[in-house]
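Chemist: Provided herewith is a single structure, encoded as structure tokens, for subsequent inquiry.
The values are calculated or read from the model by the stated rules, or taken from the named source; none is laboratory data. From a predicted model like this one, the values you see are computed outputs, not experimental measurements. Please note: Cβ atoms are built from the backbone with ideal geometry, for glycine as well, and neighbour counts cover all protein chains shown.
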Amino acid sequence: MALTALLFPGQGSQRVGMGKELAREFEVARRVFEEADATLGFSISKLCWEGPEDDLVLTAHTQPAILTNSIAVLRTLEKEKGLVFGACAGHSLGEFSALVAAGALSFADAVRLVHLRGRAMQEAVAQGVGAMAALMGLSPEDVSLICKEVAHGEIVAPANLNGAGQVVIAGHAGAVDRAISLARQRGAKRAVPLNVSAPFHCALMASAAERLARELAPVHVGPLCVPVITNVEATPNHDAGRVKDLLIRQVTAPVKWEDSVKSLAKMGCEIGLELGSGAVLSGLVKRISPSIRVTTIGEPHEVAAWPKA
């Protein structure tokens, strides 16, 4: 039987209206949104379904919104289709969704943690101090070298190793600007600043990692029913005892998405299901490992089209 991996999106995949039709049609999905609202103490469901977009894109809202929508899709597939899977992977905050799917974290703990994580990441760096940029057409090694050359005592480093020639960098705004300029000189196909509220996955997020560590300390981590490919190591983790440390390190470490997808391929993964809003991960997977057949599922008709186990 072909190995199926669940793929969970990260920040940037949000859109107003996500999960609305799913919750209208499936009670199990509606209950996930209700649990998120009760846990957070505000209506994340209303933000997902109605916006306004200006509020949905705030990092402290975006992270729990995306996780809630992904888990609503997951629970619907489990109930309606008897979904069977053998591995999970998630991009940045998507790793929390993956850990819920694997049984390591309760949904309530995960949605509370990513809400705090989003707030801590937003507050770690004052507005305007940090920046991120996407560089296309250069190798990760080339990008690392550029970052070292332009740092001049500031922080700038690869933040997302997304594969398919795409590396996102993060750090001090001036250093990121210098990296963009040098990348263009070195032949980057594109080098563009990103419209983000903070420089994620770099050393400037150290205070956010410390806050997450304090919140994680009392949280129960259960056994993983399937391995989760971690962002930090890009290898399958089966050990519940390592989960907290890996999540803390992830805040300041680059997301090794290309190597994560290659790990899934090496495990024999033939089918990937991206659960939630958008198809960012599906596009990357197709370019990194074309042998993995990827399907996105987020709407009722997409649930209906998936075969029963």
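Chemist: For segment 163-185, what are the residues that are farther than 14 Å from VAL129 by Cβ and in a helix (DSSP H, G or I)?
Modeler: Passing the criteria: ARG178, ALA179, ILE180, SER181, LEU182, ALA183, ARG184, GLN185.
Chemist: Pairs only if they're at least six apart or on different chains, beta carbon under 7 angstrom, first in segment 104-128 and on the phi < 0 side of the Ramachandran plot, second among the aromatic types (Phe, Trp, Tyr) and not in a loop (DSSP other than H, G, I, E, B); list them, first residue then second.
Modeler: Matching pairs, first to second residue: LEU105/PHE96; ALA110/PHE96; LEU113/PHE96; VAL114/PHE96.
Chemist: Is segment 147-157 home to any residue that is assigned to a helix (DSSP H, G or I) and crowded, with 22+ Cβ neighbours inside 10 Å? Working first, answer last.
Modeler: Taking segment 147-157 and keeping what is assigned to a helix (DSSP H, G or I), we get 147-150.
Restricting the remaining residues to those that are crowded, with 22+ Cβ neighbours inside 10 Å gives 147.
Yes, there is a match, as at least one residue in segment 147-157 is assigned to a helix (DSSP H, G or I) and crowded, with 22+ Cβ neighbours inside 10 Å.
Chemist: Next up: Does HIS201 meet the test of being closer than 22 Å to GLY130 by Cα and surrounded by 23 or more Cβ atoms within 10 Å (Cβ to Cβ)?
Modeler: On the way: closer than 22 Å to GLY130 by Cα: yes; surrounded by 23 or more Cβ atoms within 10 Å (Cβ to Cβ): yes.
Judged against the criteria, HIS201 is a match.
Chemist: Just name the residue that is modelled with the lowest pLDDT out of those in segment 1-42 that are more than 25 Å from ARG119 (Cα to Cα) and outside any helix (DSSP H, G or I).
Modeler: Per the stated criteria, the residue is MET1.
Chemist: Does LEU113 satisfy the condition of being outside the structural domain of ILE66 (by TED's automatic domain parsing) and out of contact with any Cys (no Cβ under 6 Å at 6 or more places or on another chain)?
Modeler: Considered against the rule, which asks whether it is outside the structural domain of ILE66 (by TED's automatic domain parsing) and out of contact with any Cys (no Cβ under 6 Å at 6 or more places or on another chain), LEU113 comes out as no.
Chemist: Right, here's the next one. Filter segment 100-146 for residues that are charged (D, E, K, R) and buried (at least 24 other Cβ atoms within 10 Å of the Cβ) and give the result.
Modeler: At the first step, the residues of segment 100-146 found to be charged (D, E, K, R) are 109, 112, 117, 119, 123, 141-142.
Matches in segment 100-146: ARG117 only.
Chemist: Of all residues in segment 1-31, count the ones that are under 30 Å from ALA265 (Cβ atoms), among the hydrophobic types (A, V, I, L, M, F, W, C) and buried (at least 23 other Cβ atoms within 10 Å of the Cβ).
Modeler: 6
Chemist: Here is a follow-up. Here is a list: VAL84, VAL57. Which entry is closer than 25 Å to VAL168 by Cβ, surrounded by fewer than 23 Cβ atoms within 10 Å (Cβ to Cβ) and not small (Gly, Ala, Ser)?
Modeler: On the way: VAL84 fails: closer than 25 Å to VAL168 by Cβ.
Matching residue, one of VAL84, VAL57: VAL57.
Chemist: Being in a helix (DSSP H, G or I) and touching a residue at least 60 places away in the same chain (Cβ under 8 Å) is the filter here, so list the residues in segment 45-69 that pass it.
Modeler: THR59, ALA60, ILE66, ASN69
Chemist: Right, next: What single numbered condition from (1) in a loop (DSSP other than H, G, I, E, B); (2) in the same structural domain as ALA60 (by TED's automatic domain parsing); (3) buried (at least 17 other Cβ atoms within 10 Å of the Cβ); (4) over 17 Å from the mean Cα position of the chain (by Cα) fails to hold for ALA188?
Modeler: Tallying (1) in a loop (DSSP other than H, G, I, E, B); (2) in the same structural domain as ALA60 (by TED's automatic domain parsing); (3) buried (at least 17 other Cβ atoms within 10 Å of the Cβ); (4) over 17 Å from the mean Cα position of the chain (by Cα), ALA188 fails exactly one: (2).
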